[in-house]
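Notes to accompany the following structure.
The values are calculated or read from the model by the stated rules, or taken from the named source; none is laboratory data. Source: prediction; values computed, not measured. Cβ: placed from backbone, ideal geometry, glycine included. Neighbour counts: every protein chain shown.
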Amino acid sequence: MLHIHYLIRRNASKDYPRDNIVNNKSTAAGIIDAKKKTWEEIGGKLNALYPDQHLSSTKQLKSSYDHVKRKVKNEDRKFKSKIKVTGAGHPPTSPRTTAEIVQLESNK
C-alpha cells in the first residue's frame, strides 16, 4: 500500500508529476486517457515489485488509494473540529500522517 503512494508521488517526468494526473478532477478526454495510462503504469510497476503475490488490478489500486485519501481527510477534519472546541482540557492529538495510516491499514 505504501508503494502505491510512493509510485504516485514520484515524478513521471520533471514537467508533469503523476499526482497531478491521478488527482486531476477534470473529465476531459485527454485527462481521462492520461489517468488510465498512469494507473496502468503504476499497477505494472507495483506488480513488478511483488512478482510472487497476487497481481492487483488498476481498479483495486485506485480504490486503495482513494480509501487512504478519504481516511486522511477525515482525520484532518476531526482534528480541525476538535481544535475549535472551547473549554478546559487537554489539546487534541495531532492527526496521523498518511504513512502511519497506510501502515495501520496494511497490518489489518
Selection count, the range 66-94, where residues are surrounded by fewer than 12 Cβ atoms within 10 Å (Cβ to Cβ) and either touching a Phe, Trp or Tyr at 6+ places or on another chain (Cβ under 7 Å) or assigned to a loop (DSSP other than H, G, I, E, B) (or both)
10
Which residue, of 73, 35, 82, 25, is on the phi < 0 side of the Ramachandran plot and at pLDDT below 85?
82
List pairs: first residue in the range 15-38 and in a helix (DSSP H, G or I), second residue at pLDDT 85 or above and of a type in the set (D, E, K, R) anywhere in the structure, Cβ distance under 7 angstrom, at least six positions apart or on different chains.
21/35; 22/35
Give the residue that is surrounded by the fewest Cβ atoms within 10 Å (Cβ to Cβ), with candidates limited to residues of the range 35-65 that are under 13 Å from the mean Cα position of the chain (by Cα) and closer than 18 Å to residue 17 by Cβ.
62
